[in-house]
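Notes follow the structure.
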Amino acid sequence: MAHEHTYESLTIDVRDRVALVTLIGPGKGNAMGPAFWREMPDAFAALDADPEVRAIVVTGSGRNFSYGLDVAAMGGTLAGVLAEGAQAGPRMEFHRHILDMQRAMNAVADCRTPTIAAVSGWCIGGGVDLIAAVDIRYASADAKFSVREVKLAIVADMGSLARLPRILSDGVVRELALTGKDIDAVRAEKIGLVNDVYPDQQACLDAAFATALEIAANPPLTVCGVKDVLDQQRTAEVAASLRYVATWNAAFLASKDLGEGISAMLTKRPPNFTGE
């Protein structure tokens, strides 16, 4: 059974045919470090294969959903491509690594079992990639969202730019991705990023469970069919976008601005981007 596995980055609790997947980090704010990217494909493949699981709720431990990529823990990933004069070898290795990391979010999007995100507190960067991959999104009133990669001098490559255009209007996607601004739960509901907003974290989680139970009570093969037919309309476009951004970043991600963006974030100072 899926829920008998032990993971470093998440816990899985199954009851009443609903699996609760809780992000636990281990980085601060459930940040997504090496364990997350390694474990998500296995965890969701196991849930997908488990006939006892008919719906999945995804949430974060503590007050926040996720701070997104654990930059400090994942820094080694960028080292080769950021080296001065990096040639084809390090770039190809980085390209392969991006595609490998994308599997974590793809596993959620491709899971045949319906998924619901219950978001409280911060949902930043990789957190938005993750909720863009689920079927239904709920938020608590304190939720805040940010497609923040641009502020680090990174083109988001884990799925937000591929999947948000199928959830939000074009202008809204561009506003969020080009500014990296924070938006609150009220704005998130207004633009359609979340289905509903609830007063607090527990109410949000309860609502996600209630919807999951409604789905779980329906005929499972038919539910699977509905999801498959809806997913089929976007699968090829999302896959092409993910491959394209992986190639773009392998070629162009390395820059002085990237080093500056990461340095500024880690030292909590305003960055000074020069376009180099």
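The values are calculated or read from the model by the stated rules, or taken from the named source; none is laboratory data. This one's a predicted model, so the numbers in the text were calculated from it and none came from an experiment. Note: ideal-geometry Cβ built from the backbone for every residue, glycine included; neighbour counts use all protein chains shown. Note: areas computed on protein heavy atoms with side chains; ligands, DNA, RNA excluded. Shrake-Rupley method; radii C 1.70, N 1.55, O 1.52, S 1.80 Å.
Considering region 120-139, the residues that are open to solvent by less than 20 Å² (accessible area, probe 1.4 Å) and part of a loop (DSSP other than H, G, I, E, B) include one that is farthest from Val229 (Cα to Cα), namely Gly121.
Condition check ((1) more than 20 Å from the chain's Cα centre (by Cα); (2) without any contact (Cβ under 8 Å) to a residue 24 or more places away in the chain; (3) not in a helix (DSSP H, G or I)) across all residues:
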residue: Asp231; (1), (2), (3): no, no, no
residue: Glu237; (1), (2), (3): no, no, no
residue: Leu242; (1), (2), (3): no, no, no
residue: Asn249; (1), (2), (3): no, no, no
residue: Ser263; (1), (2), (3): yes, yes, no
residue: Lys268; (1), (2), (3): yes, yes, yes
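In the set (1) without any contact (Cβ under 8 Å) to a residue 12 or more places away in the chain; (2) open to solvent by less than 70 Å² (accessible area, probe 1.4 Å); (3) closer than 30 Å to His97 by Cβ, the condition left unmet by Gly225 is number (3).
Scanning region 129-150 for residues that are farther than 18 Å from Glu39 by Cα and in contact with a helix residue (DSSP H, G or I) (Cβ under 6 Å, 6 or more places away or on another chain) yields Ala132, Arg137, Tyr138, Ala139, Ser140, Ala141, Ala143, Phe145, Val147.
Among all residues of region 162-183, there is at least one that is farther than 26 Å from Lys268 by Cα and in contact with a Lys or Arg (Cβ under 7 Å, 6 or more places away or on another chain). Could you list, in sequence order, the residues of region 51-69 that are within 14 Å of the chain's Cα centre (by Cα) and of a type in the set (Ser, Thr, Tyr)? Those that are within 14 Å of the chain's Cα centre (by Cα) and of a type in the set (Ser, Thr, Tyr): Thr59, Ser66, Tyr67. Residue-level check: of (1) open to solvent by 10 Å² or more (accessible area, probe 1.4 Å); (2) part of a helix (DSSP H, G or I); (3) touching a strand residue (DSSP E or B) at 6+ places or on another chain (Cβ under 8 Å); (4) closer than 29 Å to Ala19 by Cβ, Leu99 misses just (3).
Each row is one residue, and each column tells you yes or no for (1) touching a helix residue (DSSP H, G or I) at 6+ places or on another chain (Cβ under 6 Å); (2) of a type in the set (A, V, I, L, M, F, W, C).
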{"position": "Lys181", "(1), (2)": "no, no"}
{"position": "Asp184", "(1), (2)": "no, no"}
{"position": "Gly192", "(1), (2)": "no, no"}
{"position": "Val197", "(1), (2)": "yes, yes"}
{"position": "Ala203", "(1), (2)": "no, yes"}
{"position": "Ala207", "(1), (2)": "no, yes"}
{"position": "Gly225", "(1), (2)": "no, no"}
{"position": "Asp228", "(1), (2)": "no, no"}
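Which of the residues spanning region 156-182 are closer than 27 Å to Ser263 by Cα, touching a residue at least 24 places away in the same chain (Cβ under 8 Å) and open to solvent by 50 Å² or more (accessible area, probe 1.4 Å)? Correct list: Leu161, Leu178, Thr179, Lys181, Asp182. Kindly indicate whether Phe36 is within 21 Å of Ile98 (Cα to Cα) and out of contact with any His (no Cβ under 7 Å at 6 or more places or on another chain). Criteria met by Phe36. Among all positions in region 31-40, there is no residue which is in a helix (DSSP H, G or I), on the phi > 0 side of the Ramachandran plot and small (Gly, Ala, Ser). When Ala49 is tested against (1) of a type in the set (Gly, Ala, Ser); (2) under 20 Å from Val223 (Cβ atoms); (3) buried (at least 16 other Cβ atoms within 10 Å of the Cβ), only condition (3) is not met. Residue pairs whose Cβ atoms lie under 7 Å apart, sitting 6 or more positions apart in sequence or on different chains, and linking a residue in region 40-54 that is farther than 10 Å from Val108 by Cβ to a partner that is among the small types (Gly, Ala, Ser), are Ala45/Ala107; Ala46/Ala2; Asp50/Ala2; Val53/Ala2; Val53/Ala19; Arg54/Ala216.
Is it the case, given these coordinates, that Val194 is assigned to a helix (DSSP H, G or I) and either modelled with pLDDT of 95 or more or open to solvent by less than 30 Å² (accessible area, probe 1.4 Å) (or both)? So Val194 does not fit the description; no.
Among the residues of region 13-22, is any of a type outside the set (Val, Ile, Thr), assigned to a helix (DSSP H, G or I) and either open to solvent by 60 Å² or more (accessible area, probe 1.4 Å) or free of Cβ contacts under 8 Å to residues at least 12 places away in the same chain (or both)? No, that holds for no residue.
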